[in-house]
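Structure, as structure tokens:
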Amino acid sequence: QVQLVESGGGLVQPGGSLRLDCAAAGFISSINDMGWYRQAPGKQRELVAEITRSGSTNYEDSVKGRFTISRDNANNTLYLQMNSLKPEDTADYYCHAVVVVKLSYRIREFWGQGTLVTVSS
């Protein structure tokens, strides 16, 4: 139906930067809210940042000023620019989207498969 595919994870040293991309494809009429979540080992999944279709954003306190979420509505793509990375940012990062599904116009939530970000020296 709808697939979210993340890319851009990897290993980076503390203080470094990474950019995560999430491409949405499939039976998409439009996408409402989109967001990035993360889950560290032994911890619950948490919201990192979210963005509405019109561009309003919300960030988890620990990433404010370091991470920037953005989206390209024409290409159904979500981004997360991560700067000044810290070891505690290490986690699997998941893309989330609230999609209006084509033809049915039902609203469904979809998740990506996750991409691992490791911050270590």
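The values are calculated or read from the model by the stated rules, or taken from the named source; none is laboratory data. Model, not experiment: these values are computed from the prediction. Positions of Cβ are generated from backbone atoms using ideal geometry, with glycine treated the same way; all protein chains shown enter the neighbour counts. Just the protein is used for accessible areas: all its heavy atoms, side chains included, with ligands, DNA and RNA removed. Shrake-Rupley method; radii C 1.70, N 1.55, O 1.52, S 1.80 Å.
General observations
- Top-ranked residue in region 65-100 [being surrounded by fewer than 17 Cβ atoms within 10 Å (Cβ to Cβ) and in contact with a Pro (Cβ under 9 Å, 6 or more places away or on another chain); ranked as farthest from residue 18 (Cα to Cα)]: 87
- Residues considered: 17, 30, 7. Of these, the only one that is among the hydroxyl-bearing types (Ser, Thr, Tyr), touching a helix residue (DSSP H, G or I) at 6+ places or on another chain (Cβ under 9 Å) and in contact (Cβ under 8 Å) with a residue 60 or more places away in the chain is 30.
- Every pair of residues 6+ apart whose Cβ atoms lie under 7 Å, when the first sits in region 49-65 and is under 18 Å from residue 77 (Cα atoms) while the second is at pLDDT 95 or above and assigned to a loop (DSSP other than H, G, I, E, B): 49/60
- Any chance residue 117 is within 15 Å of the chain's Cα centre (by Cα), free of Cβ contacts under 8 Å to residues at least 60 places away in the same chain, closer than 19 Å to residue 17 by Cβ and surrounded by 14 or more Cβ atoms within 10 Å (Cβ to Cβ): no
- Restricting 63, 117 to residues that are in contact with a helix residue (DSSP H, G or I) (Cβ under 8 Å, 6 or more places away or on another chain), closer than 20 Å to residue 33 by Cβ and modelled with pLDDT of 95 or more narrows the list to 63.
- Whether a residue is closer than 17 Å to residue 5 by Cβ and free of Cβ contacts under 8 Å to residues at least 24 places away in the same chain was assessed, and residue 72 passes this test.
- Positions within region 39-64 being within 18 Å of residue 22 (Cα to Cα) and of a type in the set (Val, Ile, Thr), in sequence order: 48, 51, 52, 57
- Where strands (runs of 3 or more DSSP E) fall entirely within region 1-64, those with at least 1 residues that are open to solvent by 40 Å² or more (accessible area, probe 1.4 Å) and over 20 Å from residue 114 (Cβ atoms) are at 28-39, 57-59.
- Verdict on residue 14 being more than 22 Å from residue 103 (Cα to Cα) and at pLDDT below 95: no
- Failed condition for residue 103, given (1) closer than 19 Å to residue 10 by Cα; (2) open to solvent by 50 Å² or more (accessible area, probe 1.4 Å); (3) assigned to a loop (DSSP other than H, G, I, E, B): (1)
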